[in-house]
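As structure tokens, the structure follows; a few thoughts come after it.
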Amino acid sequence: MPPDSTGLTNDFVESVKTTVTVSPAKPLPIVLGPLSMRDAYCGEKTDRNLVQTISSISKKSQMGNLFKLEVDDIKPCKDETLSGFVGSCDEMGSGFLDGDVDNSKFGVRGSLHFGSLTLKPDNIARIVPGRITVVRFLPCSDLRMVVVGNKFGNISFWNLDSKKEEDGDAAAAGIFLYRPHSGPISGILAQQYSLSKIFTSCYDGFIRLMDVEKNVFDLVYSTDDAIFSLFQRPDNVQSLYFGEGYGGFKIWDVRAGKSSSERVLHEHRINSIDFNSQNPNIMATSSTDGSACLWDLRSMAADKPKALKIVNHKRAVHSAYFSPSGSSLATTSFDNTVGAVSGANFEDTTMIFHDNRTGRWISSFRAIWGWDDSNIIIGNMKRGVDVISPALRSTIMTLQSPHMSAIPCRFHAHPYEVGMLAGATSGGQVYVWTRS
């Protein structure tokens, strides 16, 4: 079954509402203020089903958060599942990651044999036109929903639990396409206990908040510079951390509506930002200047901030992500290596060969971790998914399927369902692998 058999049709670009076009030849007018979801919606039929679904799930998540606060005085062992956390109780060494953190905010963990993953035809769909730049699962255990952003400024939702229709109706198939931005999407953020509020960032210099309950893409922040990356600390949902312009880093206080901190951390754009699960004060950044850096937010000087650790590559570094336990870091570079950094103070660095030369028409590869610290996941140029073992310093297996007709470039591992992996392509397709 080809990817276009479910989802957007090939002539979808021509069939959308004239007020919001996804064609790069007709750019969306920049709206310096709130943009209603109705005006941003590109579908022919109503998006009421998406609004109702997300609102309902969000209310359940909020009730779960209230229950969690009531039992917050109970201190379970880390390997108990009272707060939804499963996995090992590995302790960190006596390095700068020491800290006492509620790990339930970081999703589930668990070991997985990747050979058990399969790709079913029903879990393939083209959900946006053009190249996908960001793919995320909504952080929810009660709903299987993928959110993606593309190079044209579209945000699309795909509810995998929706019934598949034979008439090609995208909304009936659970696909809902919006265009709140006018350039490539650089970040999508959704928090477990506030699923109805989703932050998006873009090269157009805008950060918007999609508020499903208010039916609006509100404008949170705007700048003349491109925003290349966006992230939040899981222990601080009131602040946004993003890379702006050439090496700029900013912390934005959402509640106060102003910047609380500005720094220049790199000589070129910051491609990714991530926080350590063991100590969220420790941040990782990757940059086109050829480096990935670790920072301590508590001791970043305003003038010349000094990194705790610098991992140097020979070419641009497009990602640097912490492992689920926080004890390791994976970097991805155009120099055809995946870096694996570990040790109590991240003093051990191993460079593992991997062909990352995607060219100009395919989104750069960004290696991510699975559901434990054993494996790193990254796409390959042969339409497969490579699984790299940091311990063995090599690719140990490749996920392949006859249903894959394009190169998967960007990935996300479902934070609450071990074995559910989403891969996105430069043709707008999403492939979701699941356990057989």
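Going by average Cβ density within 10 Å per residue, which order do the peptides 357-365, 321-329 take, highest to lowest?
Packing order, densest peptide first, comes out as 321-329, 357-365.
Can you order the peptides 385-398, 255-268, 146-159 by their average number of other Cβ atoms within 10 Å per residue, highest first?
In decreasing order of mean packing, 385-398, 255-268, 146-159 become 146-159, 385-398, 255-268.
Each label point is 7 Å from the Cα along the Cα-to-Cβ direction; what then is the distance between the points at E213 and A256, in nm?
It works out to 2.5 nm between the two label points.
Please give me the summed charge of the neighbours of T223: other residues whose Cβ is under 14 Å from its Cβ, Lys and Arg +1, Asp and Glu -1.
-1
Can you list the residues, at least 5 places off or on another chain, whose amide H is less than 5 Å from the amide H of I396, using H built in the peptide plane?
V387, I388, S389
Using a probe of 1.4 angstrom, how much of the accessible area of segment 138-263 is carbon and sulfur, in percent?
About 42 percent, which is the carbon plus sulfur part of the accessible surface.
How far is it, in nm, from the label point at Q238 to the one at D142 when both lie 7 Å from their Cα along the line to the Cβ?
2.7 nm
Between Y221 and residues 5 or more places away or on another chain, which pairs have amide H atoms under 5 Å apart, with H built 1.01 Å from N, and which residues are they?
Counting only residues 5 or more places away or on other chains, the set is I207.
What do you get when you divide the Cα radius of gyration of segment 114-435 by 2.2 N^0.38 Å, with N the number of residues? The partial results should precede the final answer.
Values: Rg = 18.6 Å, N = 322, 2.2 N^0.38 = 19.7 Å.
Taking the Cα Rg and dividing by 2.2 N^0.38 Å, one obtains 0.94.
Of K151/K197; K59/K151; K258/K306; K258/K304; K120/K382, which sit over 27 Å apart, Cα to Cα?
K59/K151, as the Cα separations exceed 27 Å there.
Taking H placed 1.01 Å from N in the peptide plane, check which residues at least 5 places from A226 or on another chain put their amide H under 5 Å from its amide H.
Here the answer is G245, since their amide H atoms fall under 5 Å of that of A226.
So how exposed is I407, as accessible area in Å² (1.4 Å probe, rounded to 10)?
Taking all protein chains as shown, I407 has close to 30 Å².
Measure off 7 Å from each Cα along the Cα-to-Cβ vector at D355 and K306, then give the distance between these two points in nanometres to one decimal.
4.3 nm
Using per-residue counts of other Cβ atoms within 10 Å, averaged over each peptide, order 228-240, 279-291 from highest down. Please report the intermediate quantities before stating the final value.
Numbers: 228-240: 19.1, 279-291: 22.8.
Listed from highest to lowest mean packing, they are 279-291, 228-240.
Using the Cα centre as the reference, give the magnitude of the dipole from point charges on the C-beta atoms of segment 114-435 (Lys, Arg: +1; Asp, Glu: -1; all else neutral), rounded to the nearest 20 debye.
I would put it at about 480 debye.
Determine ³J(HN,Hα), in whole Hz, for all residues of segment 172-189 in sequence, where each value follows from phi through the Karplus function 6.51 cos²θ - 1.76 cosθ + 1.60 and θ = phi - 60°; x replaces Gly and Pro.
5, 8, x, 10, 9, 10, 10, 9, x, 10, 10, x, x, 6, 10, x, 9, 10
Enumerate the calculated ³J(HN,Hα) couplings along segment 285-298 in order (Karplus 6.51 cos²θ - 1.76 cosθ + 1.60, θ = phi - 60°), each rounded to whole Hz, writing x wherever the residue is Gly or Pro.
Each residue of segment 285-298 in turn: 10, 10, 8, 5, 6, x, 9, 10, 10, 9, 10, 10, 4, 7 Hz.
Quick one: accessible area per residue over segment 114-435, 1.4 Å probe, rounded to a whole number of Å²?
Working: 11230 Å² over 322 residues.
Ligands and nucleic acids excluded, the result is 35 Å² per residue.
Taking the Cβ of T434 as the center, what net charge do the other residues with Cβ under 15 Å away carry, scoring Lys and Arg +1 and Asp and Glu -1?
Within the 15 Å Cβ shell, the charges total 0.
The values are calculated or read from the model by the stated rules, or taken from the named source; none is laboratory data. A quick note: this is a predicted structure, and the numbers were derived from the prediction, not measured. Positions of Cβ are generated from backbone atoms using ideal geometry, with glycine treated the same way; all protein chains shown enter the neighbour counts. These area figures cover heavy atoms from the full protein model, side chains too; ligands, DNA and RNA do not enter into them. Shrake-Rupley method; radii C 1.70, N 1.55, O 1.52, S 1.80 Å.
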